[in-house]
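Everything below concerns the one structure shown next.
The values are calculated or read from the model by the stated rules, or taken from the named source; none is laboratory data. Since this is a predicted model, take the numbers as computed values, not measurements. As a convention, Cβ positions derive from the backbone with ideal geometry for all residues, glycine included, and neighbour counts pool all protein chains shown.
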Amino acid sequence: MSPWRQTIHAGVRIHPLRRVLATLLAAASIVSLASCALQSPAASGPLSAADLHWLNTVSFGADQASIARLRELGRKRFLEEQLRMPATDPPDVAAAIAALPNLQGTAVDRVRAARDERQRIAGLPDEMAKQQARQALNQQGRQTIADTGRRHLQRALYSPAQLREQMTWFWMNHFSVYGYKGQVRWSLPDYEENTIRPRALGKFGDLVLATVTAPAMLEYLDNAQSSANRVNENYARELMELHTLGVSGGPSGSRYTQQDVQELARVLTGFGVNLRGEPPRLGPARAAAYRSEGLFEFNPNRHDFGAKTLLGQRIEPTGFDEAARAVAILTRDPATARFISAKLAAYFVADNPPAALVDRMAATFTRTDGDISAVLTTMFLSPELDRMLDAPGRKFRDPMAFVMASMRLAYDGRTVSNLRPVLNWLNQLGEPLYGHVTPDGYPAAEGAWASSGQMVKRFEIARAMGSGPAGLFAGDANVPPGPARFPVVAGKAYYDTVERTLGAQTRASLAQAETQAEWNTLLLSSPEWMQR
C-alpha cells in the first residue's frame, strides 16, 4: 500500500467506529435530495468507471448536470460542446462576480488609484496615520488578489464550461505570476480575465503573444525596466525554458543557447508598464513606433533596434513587431510542440504519460499551428486515457482538483455564499491561488502532493467540509449569508458515479460510520477520492 493510502486509512481510525451500519447507504439516501427518490440510478444507468474517470478529467469533478449531459451526448459530442462554449458566464455566476468590489474598473484604474493613494500617504504629517494608511492600502491589494481568487472559484465550481475553467487554471500555472510582487496585484485580475481565459482554448501562439504584452507578466519577470542599455534576461529565459521550448537539452529536444536568450531579451527591450498615465517624450522618428494599451507600453526609446538572430532565424529591427516574429519562431519550433503536449498529458493523463500519446498530440500541435482545442481533442479521445483507469500511474488530484471535486459533489446544485473557507483550504494544502513565488507554477505530479502531512490536511478538510456548512453560507464581505445547508454527499451524483468505484476497504470503513458527517468525511478522504 502506498504511503498516502496508508495515511488516509490511518486517518479513518482517528474516529472510533463502535458499530457497523450495514444499511448505511440506504439510510444516507433518506437525507438525499428528493429528486434522488424520484429518479433512481438504475432507471438512468450509472456511469461506467471509465466514463466517470473521463468526466473527472475533462471537468473539475462530476456533478449531476455534467453526468446528465455526458449521458445525452456521449464523449465526443460532450467534448465538442465544451470546446465551443463561450467565455461568457452563466447569469448567477456573472452576478456573483459583479458583486466583488475589488474587481471593479480596470487595471489602469486600480494602479493609478494606488499611485494616488501612495502620494496622499506621503503627504500625511503624522507617522501613525501614514502607517495605518499604508496598511489599509496593502490590505486592499490583498483583497484584490482574494477577489480574483473568488472569481476563479465561482467559475471552477459552477460554470458549465468546465474545460475552459480547467484550462484557465492550467495556463495560469504555465504562465505563472506571483500576485504579491510589486504592482502585480493590481493588474492580476485583468491578466487572468483578458489575457489567459479568452485564449485558453485557442491558438497557443496567440496566447504566448498576449502574455508578452501583459503588464502582470512584464512586472513579475522584471522586463518592465529592461532597456537597450540595461538588458534584463529574466523574462526571455523563462519565455523559452518554461513557456515554450522547455529546458535546453531536455526531453523536448530544445537546443537553444545563452546567445539565444540574450537575443530574445534584446527583442523584449522597451516592453514594459506605463505607470505615469501619459506617454513618454518621443522624437518624431520614434513617435510612430510607440504602442500603448491599458497599462502596457512599448517604449521605442528603450528598445534595442539592432538586428537579432533567434534559433538561427533573423529578426529585422522593426520595433514592436519583433515580438510577434520571435513568438512565431518559438511556438512553431518542434520542441515547443513536444513540451506543451507532454505538459498537458502530464496534467490530465499521468505523471509519466505514454510516449505514443505525447507524440500524437505533438503532431496535432504542429499540424494545426498550435491549436489548443485540437491537441486536447487528441488527448481526451485517446485510448491511453481509458487505460490509465486501472494503471498504477492513475492521475492524483492536486489540491485544487481535490477541493473543487469535493465541493462539486458535496454541494451539487447549491451555491455557497462565502468562498473564504475554500481559499483557506487551498492555502492550507500549499496551493494558494496566485501564491507560487517562482515562475514554474505549481507542480502537477503526485509526488508534490502525496506526503503524509498533506494527507492529514486533506482528512481535516474533508471533515470540515463533510461535517456541516463549514462557514460556506455565513456570508462573505459583500454577499448576504445563505441558509446553512448540511452537505449531502450521498446524493444522486454519488450513486450515479462514485459508489461503484470504491474498493473493499473503503466500503468497509463507510459501513462503520455512525453519522452522516462521519460518512461524508470518510468518503472525501478515501484513497479512491484522491484520484481523478
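Observations
- Qualifying positions in region 98-143 - among the small types (Gly, Ala, Ser) and part of a loop (DSSP other than H, G, I, E, B): Ala99, Gly105, Gly123
- Checking Tyr180, Tyr235, Tyr191, Tyr220 one by one, the residue that is under 19 Å from Arg276 (Cα atoms) and touching a residue at least 12 places away in the same chain (Cβ under 8 Å) is Tyr220 and no other.
- Condition met for Val261 (within 30 Å of Ala98 (Cα to Cα), assigned to a helix (DSSP H, G or I) and either over 27 Å from the mean Cα position of the chain (by Cα) or touching a residue at least 24 places away in the same chain (Cβ under 8 Å) (or both)): no
- Qualifying residue in region 307-318 (condition: within 30 Å of Asp109 (Cα to Cα), modelled with pLDDT of 95 or more and out of contact with any Pro (no Cβ under 7 Å at 6 or more places or on another chain)): no
- The set of residues in region 292-318 that are buried (at least 18 other Cβ atoms within 10 Å of the Cβ) and outside any loop (DSSP other than H, G, I, E, B) comprises Phe296, Glu297, Phe298, Pro300, Arg302, Lys308, Leu310, Ile315.
- Within the set Ala508, Ala493, Ala513, Ala484, the sole residue that is under 27 Å from Asp386 (Cβ atoms) and either among the small types (Gly, Ala, Ser) or at pLDDT 95 or above (or both) turns out to be Ala493.
- Taken together, Ala490, Ala474, Ala444, Ala513 contain a single residue that is outside any helix (DSSP H, G or I), under 21 Å from the mean Cα position of the chain (by Cα) and aliphatic (A, V, I, L, M), which is Ala444.
- A single member of Glu127, Glu117, Glu165 is of a type in the set (Asp, Glu) and closer than 29 Å to Ser373 by Cβ, and it is Glu165.
- Candidate set from region 410-450 (those that are of a type in the set (S, T, N, Q) and at pLDDT 95 or above); member that is farthest from Ala490 (Cα to Cα): Thr438
- When we screen Ala517, Ala493 for residues that are closer than 16 Å to Leu52 by Cβ and assigned by TED's automatic domain parsing to the domain that holds Arg408, the only hit is Ala493.
- Taken over region 144-166, the residue count meeting the criterion of being under 12 Å from Met85 (Cβ atoms), under 12 Å from the mean Cα position of the chain (by Cα) and not polar (S, T, N, Q) is 4.
- From the options Gly253, Gly270, residue that is on the phi > 0 side of the Ramachandran plot, at pLDDT 95 or above, touching a strand residue (DSSP E or B) at 6+ places or on another chain (Cβ under 8 Å) and surrounded by 14 or more Cβ atoms within 10 Å (Cβ to Cβ): Gly270
- Any hit, region 407-416, residues being over 22 Å from Val58 (Cα atoms), polar (S, T, N, Q) and either surrounded by fewer than 20 Cβ atoms within 10 Å (Cβ to Cβ) or under 16 Å from the mean Cα position of the chain (by Cα) (or both): no
- Among the residues of region 510-531, those that are surrounded by 22 or more Cβ atoms within 10 Å (Cβ to Cβ) and under 22 Å from Ala450 (Cα atoms) comprise Asn520, Thr521, Leu522, Leu523, Leu524, Ser525, Ser526, Trp529, Met530.
- Qualifying residue in region 351-369 (condition: closer than 14 Å to Gly205 by Cα, under 18 Å from the mean Cα position of the chain (by Cα), outside the structural domain of Lys76 (by TED's automatic domain parsing) and part of a helix (DSSP H, G or I)): no
- Test result for Arg266, part of a loop (DSSP other than H, G, I, E, B), touching a residue at least 40 places away in the same chain (Cβ under 8 Å) and either basic (Lys, Arg) or assigned by TED's automatic domain parsing to the domain that holds Gly179 (or both): no
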